[in-house]
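Since the structure comes first, as structure tokens, the remarks are kept for the end.
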Amino acid sequence: MSLSVLSRKEKERVIRRLLIQAPPGEFVNAFDDLCLLIRDEKLMHHQGECAGHQHCQKYSVPLCIDGNPVLLSHHNVVGDYRFFDYQSKLSFKFDLLQNQLRDIQSHGIIRNETEYLRNVVLCALKLYVNDHYPTGNCNVLRKSVKNKEFLIACIEDHSYETRDCWNGLWKSKWIFQINPFLTQVTGRIFVQAHFFRAVNLHIEISKDLKESLEVVNQAQLALNFARLVEEQENIFQAAVLEELQELSNEALRKILRRDLPVTRTLIDWQRILSDLNLVMYPKLGYVIYSRSVLCNWII
């Protein structure tokens, strides 16, 4: 069906759904492509603002305020498309299309024992993130539900390599209640990758966890929590790598006509071709390039 025969409400629904489906790091590209099709600047701007707000929450888009990282999520939304940062004590709107903050206002917080614990947990989590992530960000939020205090820890790291035709995101969220002796930590680890060189491949992997954590004092709770996150994320990463290893071996067996010995060493296809004085046709070159990639993958 042509977009010209859709009603305005139908167009809004279609535009919003397409923008929300944009993979991490590709929202602006999807918006620009849709602008070429829709040719309605006012409509696109409004839908882009709404969908961009949801995109930030869904993928924990990182910002930097006063030198401190801030991760956007639905846990620090304060209404009217605004977010709140506990470190700077500011509320603001974020324009994802322009990549800038707007309408910044001061926003007070209650300083109590929970706020002190939030800072202690944040310090312990930062040490873990700095040791395990190349460019990782983390944030710890607090929330009160029916007079019960919760801490929400968020971790995010990404690599957006659009020029090399791939983007990847790792994020995790951990929630626990402030209890005197024992608390249950609920976590979720999420990985998404998008490859779009010659093929359009989306990979999404997630895992939900529940673990108990002993509460001795605030410092010990923060250290034990950081160790728990490290342990669970290491287990998850090892499982993902193992699955990718099996996938690569499976792909090799199906793509190649006969089984080849896996020596776990990089094969220099270019040198072999030079020695045999073979002529490199485009399709042949692509096949050999693919094999090199697969060999690199399984090393």
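Please work out if L228 is surrounded by 15 or more Cβ atoms within 10 Å (Cβ to Cβ) and closer than 30 Å to K89 by Cα. Spelling it out, L228 is indeed surrounded by 15 or more Cβ atoms within 10 Å (Cβ to Cβ) and closer than 30 Å to K89 by Cα. Among the residues of segment 143-155, some residue qualifies, meaning at least one is of a type outside the set (S, T, Y) and farther than 26 Å from L223 by Cα. Restricting to segment 49-67, name every residue that is within 15 Å of E12 (Cβ to Cβ) and among the small types (G, A, S). A51, G52 - these are the residues of segment 49-67 that are within 15 Å of E12 (Cβ to Cβ) and among the small types (G, A, S).
Taken together, D32, D80, D66 contain a single residue that is loosely packed, with under 15 Cβ neighbours inside 10 Å and at pLDDT 90 or above, which is D32. Looking across segment 210-253 at every residue that is in a strand (DSSP E or B) and closer than 21 Å to H132 by Cβ, the one that is nearest to the chain's Cα centre (by Cα) is identified as E211.
The number of residues in segment 89-141 being open to solvent by less than 80 Å² (accessible area, probe 1.4 Å), over 23 Å from the mean Cα position of the chain (by Cα) and among the hydrophobic types (A, V, I, L, M, F, W, C) comes to 4. For segment 133-144, the criterion of a residue being touching a residue at least 12 places away in the same chain (Cβ under 8 Å) and over 20 Å from K58 (Cα atoms) is satisfied by at least one position.
Just so you know, in segment 163-211 the residues that are without any contact (Cβ under 8 Å) to a residue 60 or more places away in the chain and among the basic types (K, R) include one that is surrounded by the most Cβ atoms within 10 Å (Cβ to Cβ), and it is K207. If you check L43, L37, L19 for being in a helix (DSSP H, G or I), open to solvent by 70 Å² or more (accessible area, probe 1.4 Å) and touching a residue at least 24 places away in the same chain (Cβ under 8 Å), only one passes: L37.
The values are calculated or read from the model by the stated rules, or taken from the named source; none is laboratory data. Here the structure is a predicted model, which is why all the values come from computation and not from measurement. All Cβ positions, even for glycine, are placed from backbone atoms using ideal geometry, and neighbour counts span all protein chains on display. Keep in mind that these areas ignore ligands, DNA and RNA; they rest on the heavy atoms of the full protein, side chains included. Shrake-Rupley method; radii C 1.70, N 1.55, O 1.52, S 1.80 Å.
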